[in-house]
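Here's the structure we're looking at; comments come further down.
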Amino acid sequence: MSELATDRDIDRSKMSVSENAAIEIINMNKWYGAFHVLRDINLTIYEGERIVVCGPSGSGKSTLIRCINRLEEHQAGSIVVDGIELTNDLKNIDKVRSEVGMVFQHFNLFPHLTILENCTLAPIWVRKVPKKEAVETAMHYLEKVKIPEQANKYPGQLSGGQQQRVAIARSLCMKPRIMLFDEPTSALDPEMIKEVLDTMIELAEEGMTMICVTHEMGFARQVANRVIFMDQGQIVEQNEPEAFFNNPQSDRTKLFLSQIL
Ligand code: ADP
Ligand code: MG
């Protein structure tokens, strides 16, 4: 078992799950050409849930979360985010993207822009927020991720952990209602993993709806309310963390857990 995500007490008081669906995926299928990458995905995620998605490499985890903000297109079934169905309608895609923030394994910051500019670019140009307000918001979130002093540096001057915290702050500047994380700590040196997980834990403590693809099982145990296991493009099993880890049902889940824990 990997070590715990944090050494502090986690405040679960605001981590309540509402009855309102944030994301509803019904009979969703996706192909890459002839390759059937996602099979009959049925998944409802309620506001306030902290979902951890795990599974072997190539099982479709990234593709699934990329479908939720239409970075990938699905071919069958439906995906509804905050009441908006994802179709070819560009207006809907824009609306969904403005509500869903995404953090990638490789940060994806703009290298030629300062940290502050990375955080204000989309609010100013996409959301049409006045520059002064965008800067104030950016500084607020940079303080939240504990690196306001780096605001005028360039991404290349920061450590990996700091860059990932900037990526989280940049997403938060768009005031998303849902955050998607795709292996946000996989590219980090071990000593930087904790600072990124701590940032994610704080978001969870504030009630953010989160879907995190991660193999940080300490984080899953402490923060997730539901763990989803994928294999070969399917959701094989899902459960509360305690039951998921202590009493996995399918052989595929057992095999996976025996390999990573
Ligand atoms: P995971 O994130 O679980 O490792 P992915 O969603 O990245 O899995 O990939 C699932 C499968 O789809 C893999 O077999 C991968 O090679 C394939 N794949 C991913 N992206 C593409 C793409 N753009 N075109 C074709 N195949 C892809
Ligand atoms: Mg992936």
**Residue ID - nearest to ligand 1 (Cβ to nearest atom), chosen from residues in the range 180-191 that are of a type in the set (A, V, I, L, M) and either assigned to a helix (DSSP H, G or I) or more than 11 Å from the chain's Cα centre (by Cα) (or both)** = 187
**Message:** I'd like the full set of residues that are of a type in the set (A, V, I, L, M) and either touching a Pro at 6+ places or on another chain (Cβ under 6 Å) or crowded, with 24+ Cβ neighbours inside 10 Å (or both), limited to the range 211-221.
**Reply:** 211, 220
**Message:** Among (1) within 21 Å of residue 210 (Cα to Cα); (2) surrounded by fewer than 21 Cβ atoms within 10 Å (Cβ to Cβ); (3) at pLDDT 95 or above, there is one condition residue 119 misses while meeting the rest; what is its number?
**Reply:** (2)
**Meets criteria (open to solvent by 10 Å² or more (accessible area, probe 1.4 Å) and either more than 10 Å from ligand 1 (Cβ to nearest atom) or in contact with a Lys or Arg (Cβ under 6 Å, 6 or more places away or on another chain) (or both)) for residue 68** = no
**Residue within the range 151-168 that is in contact (Cβ under 8 Å) with a residue 60 or more places away in the chain and more than 24 Å from residue 81 (Cα to Cα) present** = yes
**Request:** From the list 153, 254, 175, 194, pick out the single residue that is more than 16 Å from ligand 2 (Cβ to nearest atom), more than 30 Å from residue 27 (Cβ to Cβ) and in a helix (DSSP H, G or I).
**Result:** 194
**Message:** List the residue pairs whose Cβ atoms are under 7 Å apart, where the first residue sits in the range 53-66 and is more than 12 Å from residue 182 (Cβ to Cβ) and in contact (Cβ under 8 Å) with a residue 12 or more places away in the chain, the second is more than 8 Å from ligand 2 (Cβ to nearest atom) and part of a helix (DSSP H, G or I), and the two are 6 or more positions apart or on different chains.
**Reply:** 55/256; 56/256
**Prompt:** Quick one: would you say residue 249 is in a strand (DSSP E or B) and open to solvent by 40 Å² or more (accessible area, probe 1.4 Å)?
**Reply:** no
**Request:** State whether one or more residues within the range 185-204 are open to solvent by 20 Å² or more (accessible area, probe 1.4 Å) and over 30 Å from residue 253 (Cα atoms).
**Result:** no
**Asked** When the range 232-243 is examined, which residues are found to be out of contact with any Leu (no Cβ under 7 Å at 6 or more places or on another chain) and either under 21 Å from residue 65 (Cα atoms) or among the small types (Gly, Ala, Ser) (or both)?
**Response** 232, 234, 236, 237, 238, 239, 240, 241, 243
**Selection count, the range 129-184, where residues are surrounded by fewer than 18 Cβ atoms within 10 Å (Cβ to Cβ), of a type in the set (A, V, I, L, M) and within 25 Å of residue 67 (Cα to Cα)** = 0
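Residue-wise test of (1) away from ligand 1 (no atom under 13 Å from the Cβ); (2) open to solvent by 10 Å² or more (accessible area, probe 1.4 Å); (3) outside any helix (DSSP H, G or I).
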| position | (1), (2), (3) |
| --- | --- |
| 8 | yes, yes, yes |
| 12 | yes, yes, yes |
| 45 | yes, no, yes |
| 53 | no, no, yes |
| 63 | no, yes, no |
| 92 | yes, yes, no |
**Asked** So, in the range 81-99, of the ones that are of a type in the set (A, V, I, L, M, F, W, C) and under 17 Å from the mean Cα position of the chain (by Cα), which residue ends up farthest from residue 236 (Cα to Cα)?
**Response** 96
**Asked** How many residues does the range 24-43 hold that are in a loop (DSSP other than H, G, I, E, B) and within 16 Å of ligand 2 (Cβ to nearest atom)?
**Response** 0
**Asked** Within the range 14-43, can you find the residues that are acidic (Asp, Glu) and surrounded by fewer than 16 Cβ atoms within 10 Å (Cβ to Cβ)?
**Response** 19, 40
**Asked** Which pairs have Cβ atoms under 6 Å, sit 6 or more apart or on different chains, and link a residue in the range 217-246 that is at positive phi to one that is part of a strand (DSSP E or B) and buried (at least 19 other Cβ atoms within 10 Å of the Cβ)?
**Response** 233/37; 233/38
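The values are calculated or read from the model by the stated rules, or taken from the named source; none is laboratory data. Predicted, not measured: the structure shown is a model, and the values here were computed from it. We place every Cβ from the backbone using ideal geometry, glycine too, and count neighbours over all the protein chains shown. The protein model used for the area step is the full one, side chains on, heavy atoms only, and it has no ligands, DNA or RNA in it. Shrake-Rupley method; radii C 1.70, N 1.55, O 1.52, S 1.80 Å.
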